[in-house]
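The values are calculated or read from the model by the stated rules, or taken from the named source; none is laboratory data. Computed from a predicted model, the values in this text were never measured in an experiment. Neighbour counts run over all protein chains shown; Cβ positions are idealised from the backbone, glycine included.
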Amino acid sequence: MYKLKKWIKKRKIILNEKKTEKNVLKFKKNIASCGSNLQLFGCPEVSFPDKLNIGNDCKINSDVYINARSNVTIGNDVTLSHGAKIISTGYELDYWMRVGERKHIDDSPIYIGNHCWVGAGAIILPGVNISGEYVVIGAGAVVTKDITESRVLVAGNPAKIVKRYNNKNQE
């Protein structure tokens with residue numbers, strides 16, 4: 001009986017790995033471009049996948065939502081943690097205030113640079129450019145403005161720099 005349980009457990013792991021490989025291949029096939037070594041943990045939801053570009057060595061966790069209506073570019077070695085949201089479109093508030101209709105869409109591309117980590121439940125809003133490297137976006141943060149510095153931790157709503165790191169250890 002023990003050998004049978006061990007065999008079943010081993011078989012399930014193999015089946016899950018094959019399913020994950022199939023998911024990655026299907027995901028890569030549907031987006032604009034994707035580098036090597038993409039890892040998916042669960043199923044991300046992507047609107048306008050033909051406008052999503054992903055670099056090498058990226059990790060996307062479960063319940064991630066990406067709306068790429070106005071292009072989303074993700075650099076190399078980026079991790080999107082559970083429930084992160086990247087949204088490149090929204091209503092233009094000035095138009096809504098003047099006219100009272102929520103029909104006019106404000107589209108702005110999003111760029112996430114290399115070696116970034118987007119924490120669980122974080123939201124990146126339209127037009128944000130994260131050009132710094134080794135940027136950590138804290139869990140639940142709402143990024144509304146560009147992040148140009150490298151080696152920083154941003155957190156809060158709206159997100160702001162709360163910590164800076166040097167190459168070897170914390171400052």
Does Ala84 qualify as being under 15 Å from Glu45 (Cβ atoms) and modelled with pLDDT of 95 or more?
yes
Those residues of segment 150-164 which are assigned to a loop (DSSP other than H, G, I, E, B) and exposed (fewer than 15 other Cβ atoms within 10 Å of the Cβ), in sequence order:
Gly156, Asn157, Pro158
Qualifying residues in segment 113-136 (those that are touching a Leu at 6+ places or on another chain (Cβ under 9 Å) and free of Cβ contacts under 8 Å to residues at least 40 places away in the same chain) - the one nearest to Phe48 (Cα to Cα):
Trp117
Asp50: passes all of (1) surrounded by 15 or more Cβ atoms within 10 Å (Cβ to Cβ); (2) of a type outside the set (Lys, Arg); (3) at pLDDT 90 or above but (1)
All positions within segment 125-146 that are within 17 Å of Cys58 (Cα to Cα) and assigned to a strand (DSSP E or B):
Ile130, Val136, Ile137
With the requirement that a residue be over 14 Å from the mean Cα position of the chain (by Cα) and surrounded by 14 or more Cβ atoms within 10 Å (Cβ to Cβ), what does segment 32-47 give you?
Ala32, Gly35
Which members of segment 54-93 meet the condition of being closer than 11 Å to Cys116 by Cα and surrounded by fewer than 17 Cβ atoms within 10 Å (Cβ to Cβ)?
Lys59
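Rundown of residues vs (1) at pLDDT 85 or above; (2) β-branched (Val, Ile, Thr); (3) in contact with a strand residue (DSSP E or B) (Cβ under 8 Å, 6 or more places away or on another chain); (4) closer than 26 Å to Tyr134 by Cβ, yes/no style:
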{"position": "Met1", "(1), (2), (3), (4)": "no, no, no, no"}
{"position": "Lys9", "(1), (2), (3), (4)": "no, no, no, no"}
{"position": "Ile13", "(1), (2), (3), (4)": "no, yes, no, no"}
{"position": "Glu17", "(1), (2), (3), (4)": "no, no, no, no"}
{"position": "Lys22", "(1), (2), (3), (4)": "no, no, no, no"}
{"position": "Ala32", "(1), (2), (3), (4)": "yes, no, yes, yes"}
{"position": "Ile54", "(1), (2), (3), (4)": "yes, yes, yes, yes"}
{"position": "Ile60", "(1), (2), (3), (4)": "yes, yes, yes, yes"}
{"position": "Ile74", "(1), (2), (3), (4)": "yes, yes, yes, yes"}
Can you find a residue that is surrounded by 17 or more Cβ atoms within 10 Å (Cβ to Cβ), small (Gly, Ala, Ser), at pLDDT 95 or above and farther than 22 Å from Ser70 by Cβ anywhere in segment 101-118?
no
